[in-house]
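Take a look at the structure below.
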Amino acid sequence: MKLIVRRGVGILIAGGVSLGLPACGGGREGAPLPASNGATARTTEIASDGPPMLGAPYKIAGKDYVPADVADYDEVGYAGWYDAARAGQPTANGETYDPARISAAHKTLPLPSYVEVTALDTGRTILVRVNDRGPMVNDRLIDLSDAAARQLGLQPGTTAVRVRRTNPPMGERAQLRAGQPVPERIATPNSLLTILRDKARALPKPANVAPARPAPTATTPIASSKAKPGSDGFIVEDGSTRSGQAAAPRPAASGEYFVQVAAFSTEARAQTTARAVGGQVSPAGRLWRVRIGPFHSQADAGGALAKAKAKGFRDAVVVRDR
């Protein structure tokens, strides 16, 4: 049995043979990584996008997998976190797994390909680049890098998700290849979430399903005060907050402190980001600025800053209007 890995080219797999693929498997879900100071498995190279490769059918633990180029791929299942021990190891298409990049492992999609991943408990959606094979655990549809899971707001464990293949603009592809996240997509409407959740309920549930997180709203970007997890892991409405979790400081009617999230050349992109973080859009010269606030103190603004950075906006800062 031979496994040939060629950097920037793809994988060739001997069909019908049990393989030890260099892909993510069933490690500790959400295990903590070493200090995230940018040194851990951080690569400076910009990944290549082509040509996408499939590879031959393969077998893992008695299960057959057939890679396929499905343009309209759209499935509901469970997402997990990469095993932290995978940091710095080669992916199935010859790149290096970097936990700080927005990437994922999938059993059959072309490498690389791009998917929108939606967390079914919150409706939040992010764009992810698939560059690895896995997870070789049958109760999971996809495994997300540490940065991707955090941008999507996932708890450690497995979470019900929708995975939909997409063809993003070249600019967004370049951002992900360079290791930078792109802004979240518009939140999924509740009517569609209801349908997707029903599909997820029909699936066998993994043993370590993460607790559900309430969907963000315009005024409470992290937790809704009227939602809590139901017994099936999704959301029910009853007017109570999640037990044991303090609410993040909310913007005040007046104050001097703001979290400046990002600036965009188009108002449409700014509005999309503002909805994702619970902020507001205002013109700033030729740009459109997204800010959260105001807050009475820098400490209050610091809480919103942490949430913005957790969603992938690493350049967000606290500013003071005098």
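The values are calculated or read from the model by the stated rules, or taken from the named source; none is laboratory data. Owing to the predicted nature of the structure, the values given are computational and were not obtained by experimental measurement. Cβ: placed from backbone, ideal geometry, glycine included. Neighbour counts: every protein chain shown.
Which one is modelled with the lowest pLDDT, of the residues in segment 308-319 that are under 13 Å from THR273 (Cα atoms) and either in contact with a strand residue (DSSP E or B) (Cβ under 9 Å, 6 or more places away or on another chain) or among the aliphatic types (A, V, I, L, M) (or both)? Let's see the steps before the verdict.
We begin by selecting, within segment 308-319, every residue under 13 Å from THR273 (Cα atoms); these are 308-309, 311-313, 316.
In the following step, the residues that additionally are either in contact with a strand residue (DSSP E or B) (Cβ under 9 Å, 6 or more places away or on another chain) or among the aliphatic types (A, V, I, L, M) (or both) were identified as 308, 311-313, 316.
Details: ALA308: 82, LYS311: 76, GLY312: 73, PHE313: 80, ALA316: 86.
The extreme case among them is GLY312.
Go through segment 100-114 and give me each residue that's crowded, with 23+ Cβ neighbours inside 10 Å and assigned to a strand (DSSP E or B).
SER103, ALA104, ALA105, HIS106, LEU111
Residues of segment 52-88 being within 22 Å of GLU116 (Cβ to Cβ) and not aliphatic (A, V, I, L, M), which ones? Show your work before the answer.
If we filter segment 52-88 for residues that are within 22 Å of GLU116 (Cβ to Cβ), which is where we start, we get 52-54, 67-82.
The answer is PRO52, PRO67, ASP69, ASP72, TYR73, ASP74, GLU75, GLY77, TYR78, GLY80, TRP81, TYR82.
So, in segment 58-99, exactly how many residues are surrounded by 21 or more Cβ atoms within 10 Å (Cβ to Cβ), of a type in the set (A, V, I, L, M) and not in a strand (DSSP E or B)?
Residues flagged as surrounded by 21 or more Cβ atoms within 10 Å (Cβ to Cβ), of a type in the set (A, V, I, L, M) and not in a strand (DSSP E or B) within segment 58-99 amount to 1.
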